[in-house]
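Written out below as structure tokens is the structure these notes cover.
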Amino acid sequence: MSIFDKFKAMAETRHELDLLGIDPFSVQIDDILSPTEGIINGRPTILAGTNNYLGLTFDPECIAATHEALEHEGTGTTGSRMANGSYTGHRKLEQELAEFYGKRDGIVFSTGYLANLGMLSTLAGPDDMVLLDADCHASIYDGCRLGGARFLRFRHNKPDDLARRMERLGDKAKNTLIITEGLYSMLGDRAPLKEIVEIKREYGGYLLVDEAHSLGVLGERGCGLAEELGLIEDIDFLVGTFSKSLGGAGGFCVSDHAELDLIRYLSRPYIFTASPSPATIATTRQALRTLAAGTHLRKKLQENYERLHAGLSALGYTLGADPSPVIAVVFDDKLESLQFWNDLLQLGIYVNMMLPPATPNGMFLVRCSVSAAHTFEQIDTICGAFAELQVSPMKVTAMQGG
Ligand code: PMP
């Protein structure tokens, strides 16, 4: 017996990919030219797998804010906020996020992953019950595990199943934490938040919504799905990340519950890790200001994703959901999907390959992520590549770079 025995299955998968000459999980972008263009394997490539929904990573104001923070506050905080102190920007960002959502207060974590880990491990302990949508992100599952809560899944986007489970809990429903996402990252489908809120109203409980993929994308002001549906007040804990629409790194939770402040004293993923660097905080604050200032980026994003969705539908591809910036093309076969992903890369289009267990129901997904920074020409080039491969799929003979 060796501690490495459990790596064998993964080693075999890696070996299979090596034999095919395809490894979607170690793509190196040699040069980043813009939010939507890079050089991969020496080839100019359209980046359509980035989560860079608003294309803010090269925004001049965000870059200027980053420079200024670097010069005035240095490269890193070198410690956690509890042990080593907060910088003014940490607290300001929390207040700005709270104001943006119209919530009482906010708390910032070092990544989106840690926001879920930090909130859930603290909110839900061994005596607590959590009901979560089966397709929730790994960070939500990990947060529940870290806190030792009892958790049950309800069927993805099936409020009836949630209601049945709440009913079965009887009196305990009042203290149950319900968790969903806004826009789901694998298929790009939206949570039936209205129905879920109604269930919470009927049975009691608390509701946490992870808007990682909907912040900056949905809602009049870009707050996310809860805003689009007029439900922000009904959400107890709104979680999000800075790493997608805001083009930075970090995560947050906003809430009206006064107890949010106590999370800082109890949450291990908040206490025992270094706080976001000043540059990260400055970028995020500027990106939030840009996001809140107008609707043009959201409108452009919507035009882009509707165009790509319509183009791929017209070609007859099976897509994961209605139009959203996450457009997943569903394949029946693992090898076929890997070959397709690789062929796209060889045509200069980078998208994401999603395989089980990361995908729901063991699906094989070639996932595009659309940005406001894409031009119509780029969207049409992506559609053109999908059309070309439909007619004559290239053979998996060449290496990834071949
Ligand atoms: N929540 C959801 C729903 C996500 O999709 C992700 C990232 N894919 C995260 C949280 C984690 O965010 P981050 O990558 O910023 O840590």
For Leu301, indicate whether it is out of contact with any Pro (no Cβ under 8 Å at 6 or more places or on another chain) and either farther than 25 Å from Thr75 by Cβ or open to solvent by less than 30 Å² (accessible area, probe 1.4 Å) (or both). no
Does any residue in the stretch 342-357 that is on the phi > 0 side of the Ramachandran plot come within less than 6 Å, Cβ to Cβ, of a residue that is β-branched (Val, Ile, Thr) and not in a loop (DSSP other than H, G, I, E, B) six or more places away or on a different chain, and which pairs are these? Gly348/Thr45
From the residues in the stretch 112-134 that are charged (D, E, K, R) and touching a residue at least 12 places away in the same chain (Cβ under 8 Å), which one is nearest to the ligand (Cβ to nearest atom)? Asp133
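Looking only at the stretch 347-369, decide whether some residue is part of a helix (DSSP H, G or I), under 22 Å from Glu37 (Cα atoms) and at pLDDT 95 or above.
Taking the stretch 347-369 as the starting set, the residues that turn out to be part of a helix (DSSP H, G or I) are 360-362.
Next, only the ones that are under 22 Å from Glu37 (Cα atoms) stay: none.
Checking the stretch 347-369: not a single residue is part of a helix (DSSP H, G or I), under 22 Å from Glu37 (Cα atoms) and at pLDDT 95 or above.
Quick one: is Glu233 among the charged types (D, E, K, R), open to solvent by 40 Å² or more (accessible area, probe 1.4 Å), assigned by TED's automatic domain parsing to the domain that holds Asp127 and not in a helix (DSSP H, G or I)?
no
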Can you find a residue in the stretch 289-303 that is within 15 Å of the ligand (Cβ to nearest atom) and assigned by TED's automatic domain parsing to the domain that holds Leu93? no
Can you tell me which condition Asp261 does not meet? The list is (1) charged (D, E, K, R); (2) within 11 Å of the ligand (Cβ to nearest atom); (3) assigned to a helix (DSSP H, G or I), and all the others hold. (2)
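Would you confirm whether any residue within the stretch 35-46 is among the small types (Gly, Ala, Ser), in contact (Cβ under 8 Å) with a residue 12 or more places away in the chain, surrounded by 11 or more Cβ atoms within 10 Å (Cβ to Cβ) and assigned to a loop (DSSP other than H, G, I, E, B)?
Going through the stretch 35-46, the residues among the small types (Gly, Ala, Ser) turn out to be 38, 42.
Remaining after also requiring in contact (Cβ under 8 Å) with a residue 12 or more places away in the chain: 38, 42.
Next cut, surrounded by 11 or more Cβ atoms within 10 Å (Cβ to Cβ) only: 38.
Those still in the list that are assigned to a loop (DSSP other than H, G, I, E, B) too: none.
No, the stretch 35-46 contains no residue that is among the small types (Gly, Ala, Ser), in contact (Cβ under 8 Å) with a residue 12 or more places away in the chain, surrounded by 11 or more Cβ atoms within 10 Å (Cβ to Cβ) and assigned to a loop (DSSP other than H, G, I, E, B).
Residues checked against (1) under 21 Å from Thr359 (Cα atoms); (2) away from the ligand (no atom under 16 Å from the Cβ):
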residue	(1), (2)
Arg155	yes, yes
Arg165	no, yes
Asp171	no, yes
Ile178	no, no
Ser185	yes, no
Pro192	yes, yes
Leu225	no, no
Lys244	yes, no
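The values are calculated or read from the model by the stated rules, or taken from the named source; none is laboratory data. Note that the structure is predicted; figures quoted are calculated from it, not measured. Because the Cβ atoms are built from the backbone with ideal geometry, glycine has one as well, and the counts that use them run over all protein chains shown. Remember, those area values only see protein heavy atoms, side chains included, never the ligands or the DNA or RNA. Shrake-Rupley method; radii C 1.70, N 1.55, O 1.52, S 1.80 Å.
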